[in-house]
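Worksheet: one structure, shown below.
Read-outs throughout are calculated quantities, based only on the coordinates presented, and are distinct from any laboratory measurement. Computed from a prediction, not measured in an experiment: that's the story for all the values here. All Cβ positions, even for glycine, are placed from backbone atoms using ideal geometry, and neighbour counts span all protein chains on display.
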Amino acid sequence: MVKYSDVQFGYHGTFIDGERKLSVVSQVFSPWHDFTGLATYATERYVDVGQPTSLSHPQLLAEGEITPGITCDEYISRRKRLLELLPEKSLAIIASAPVKMMTDVVPYPFRQDADYLYITGSSQPGGVAVLSEECGLCMFMPDPDPHDVVWQGQVAGVEAALDFFKAEKAFPLSKMHKILPEMIGRASRLFHNIKTALPSYMELEAFRGASLNNKVKDLSRYTHEMRWIKSPSELKLMRESASIACQSLLQTMLLSRTFPEESKLSAKVEYDCKMRGAQRMAFNPVVGGGANGSVIHYSRNDQKVRAGELVLMDVGCEFHGYLSDLTRTWPPCGSFSSAQEILYSLILETNKECVKLCKPGVSIQQIHNYSVQMLRRGLKEIGILKDETSYSYHELNPTSIGHYLGMDVHDSAMISNDRPLQPGVVITIEPGVYIPISYDAKDRFRGIGIRIEDEVLITETGYEVLTGSMPKEIPHIKSLLNFAHSTATEVPDLSAVFS
Ligand code: GLY
Ligand code: MN
C-alpha cells in the first residue's frame, strides 16, 4: 500500500481548512502519471485505487486484504498455484470484463469477470493481466484520460497494480502492443480467458502466429479447477452470502401475504439483500406466481399472485465476489391446496434425500440420476405421469438436480457433473416440478411450479447445508405466514419453526 507520506511530493494539492484537498486537475497533471491519486475531494489521507481498501473502507477490509475477506497472501498463492498447474513455459492472459452500455454514455452496473477477480483482486474494468513463470503477474492497466477521471472518478493505474495488487510488473495498457509480443515470443504455450478475449491482444501478430500454430488454449480449465474447491476464507464469504439471502428471503416470505405481487416481492428481496451488505443480486430474481412458477428462469416479475396460488422465488446475492442461490415456493395466502401439498411434499422429500447423498466421492450426476428416479416414481404415484419411464417426464422437469456455486452462479462450468465431489466444493440441490397449463393432467395440477433449492457444502464427512436457516417444511411455512398475519393477541406456537 502506498502511504500518503510516500506520494504527497508528487501532487500539486491545495490546502483547505488546514487539510490537503487534492483536486482532480492536480492529479491529472501530476508528474506521477499513473493516476493512482489520493481520494478525490477527500480529506482522509489514503490513496484511491478505484476500489475499497483497508484504509479507505476499514468497515469492509482488514489490513492485508486486497478484497474483503481475501488477503494479499491468498491472491499471491493463487497466482503461484495457477503457474504450477499450467505446462512449463506457459503464458496466461486474462482480460477484465467489458463494460456494457445501456445507452451512449450510460453503462450497466459493472461486474468483474470471476477469473480476473480471482487472480488479480481488481474489481475494475479495462485491465489485462498476464501471468508467466518468468515475469510473475504483469498487469496492463488502463490509462484514464482527464475526462474519464472527472466523469467516472479515480481508477487503479500502474502504481496501484504494483503497490496494491502486488503485481511483479505493470505497464500502461497503451504499451501492451509493444511489451506483450515479446512475452508471447518467449512462451511455448499461450492460454487466455476466451470469455473476455479482446482484439487488443488477439490481433497482435505474435498472438495470431501462436494461434495458427495451435499454441493457444482456453485458460478456464485451470482457473475453474482452482475455483472449484473453496478456501476457508472463500467459505466464510459463501456462508455470509447464503445467510444474507436466507434472511432476506424470509423477510420477503413474511411480507408476501400483505403484498402478493411479483414486483414487490422482487423489490423486497433485493432491498433486504443490499441492506444486509450484498453488493448486488446474483441474478435477476425469479418471482413466479401461479403458472409463472413453472417457467424455470421466469424474469418478468410483473404479475399479481392470486389467492390460492403458490409463488416460487429463486434468489441469490453477491457478497464481495461470492454468490448465493436458493429457492423456496409457498402460498402467500398461508395455506396449501391438497394438489399443491401433494406435489410440494414430493419435491421436499426429493430435496432432503438428495441433500443426504452429498458427500466426497459422489457426483452431481449420480445425485441427479437418483432424483430423476424418485421424481418419476412420485409423479407416477400421484397420477401425473402415466408410467415411470414416460418421456413426458422431461416436460415436467428439464433441469439438472444442481450445479457448482461460487464466484459464478453456474460456477466452474468446465468441471463435469460426473466429477466425484470433494470437501470444499459447494453445490446446489434444486429438484422441481413445472407443470405447463397445457399439460395433460388433472386440472388441479396444471400450472403449478415448485422448486426447493438449497446450497450444500461438501465436508470431509458429508455435507453442511448453507441455506439451512430458511424454512421449507410445510408446517413451518404455514406457521410463519399465519403468524406474520395474525393479530398480537393470537400468537400461534412457533416452537416447531425455530427448533
Ligand atoms: N438459480 C439460478 C439457476 O440455478 O440457474
Ligand atoms: Mn441454482
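Would you mind computing, in nm to one decimal, how far apart the modelled labels at Ile76 and Ser233 are, each placed 7 Å from Cα along Cα→Cβ?
1.1 nm
Full extension from Gln365 to Tyr391: what is 0.36 nm times the residue separation minus their Cα-Cα distance, to one decimal in nm?
In short, 7.5 nm is gained.
Which aspartates and glutamates have a Cα lying under 17 Å from the Cα of Lys356, excluding residues fewer than 8 positions away in the same chain?
Here the aspartates and glutamates satisfying the reach criterion relative to Lys356 are Glu430, Glu453, Asp454, Glu455, Glu460, Glu464, Glu473.
Considering the dipole of the chain built from charges on the beta carbon (Lys and Arg +1, Asp and Glu -1) around the Cα centre, which of Phe165, Ile70, Pro285 is farthest to its positive end?
Pro285
For Cα pairs less than 8 Å apart in space and 6+ apart in sequence, what is the mean separation divided by the residue count of the chain, i.e. the relative contact order in percent?
12 percent.
Can you run phi through the Karplus equation (6.51, -1.76, 1.60; θ = phi - 60°) for segment 423-435 and list ³J(HN,Hα) in whole Hz, with x for Gly and Pro?
Each residue of segment 423-435 in turn: x, x, 8, 10, 10, 9, 10, 9, x, x, 9, 10, 9 Hz.
List the lysines whose alpha-carbon lies under 23 Å from that of Lys386, not counting same-chain residues fewer than 8 positions away?
Within the straight-line limit of under 23 Å, Lys386 reaches these lysines: Lys442.
Quick one: Karplus J couplings for segment 309-320, per residue in order, coefficients 6.51, -1.76, 1.60, θ = phi - 60°, nearest Hz, x for Gly and Pro?
8, 8, 10, 10, 10, 10, 9, x, 10, 10, 10, 6
Counting each DSSP H run of 4 or more residues in the chain as -39500 (n - 2.57), what helix-only mean residue ellipticity at 222 nm follows after dividing by all residues, to the nearest 500 deg cm²/dmol?
So the helix-based figure for the chain works out to -10000 deg cm²/dmol.
Report the label-to-label distance for Leu60 and Met101 in nanometres (one decimal), using points 7 Å from each Cα along the Cα→Cβ vector.
2.7 nm
Give the angle, between 0 and 90 degrees and rounded to the nearest 10, that separates the Cα long axis of helix 338-357 from the longest principal axis of the Cα atoms of the chain.
Tilt relative to the chain: about 50 degrees.
For segment 144-247, what is the relative contact order in percent, using Cα pairs closer than 8 Å and at least 6 residues apart in sequence?
19 percent
Step through the table entries Lys264/Lys352; Lys195/Lys274; Lys89/Lys217; Lys352/Lys472; Lys100/Lys217, compare each Cα-Cα distance with 22 Å, and write down the pairs that go over it.
Lys264/Lys352; Lys195/Lys274; Lys100/Lys217
Counting alpha carbon pairs within less than 8 Å and at least 6 residues apart, what relative contact order, in whole percent, applies to segment 431-470?
31 percent
Given a Förster distance of 51 angstrom, what is the FRET efficiency for Arg280 paired with Arg186, based on the Cβ-Cβ distance and rounded to 0.05?
The pair Arg280/Arg186 has a calculated efficiency of 0.80.
Sort Met253, Met414 so the one with the fewest other Cβ atoms within 10 Å of its own Cβ comes first.
The fewest-first ordering by Cβ neighbours comes to Met414, Met253.
Would you mind checking the tilt of helix 262-275 against the longest principal axis of the Cα atoms of the chain, expressed as 0 to 90 degrees and rounded to 10?
Relative to the chain, helix 262-275 is tipped by roughly 50 degrees.
Please give the helix 474-485 orientation as an angle from the longest Cα principal axis of the chain, in degrees from 0 to 90, rounded to the nearest 10.
With rounding to tens, the tilt is 80 degrees.
Using a 10 Å cut-off on Cβ atoms, rank the peptides 141-154, 118-131 from the highest mean neighbour count down.
Numbers: 141-154: 16.7, 118-131: 24.1.
Highest-to-lowest ranking by the protection proxy: 118-131, 141-154.
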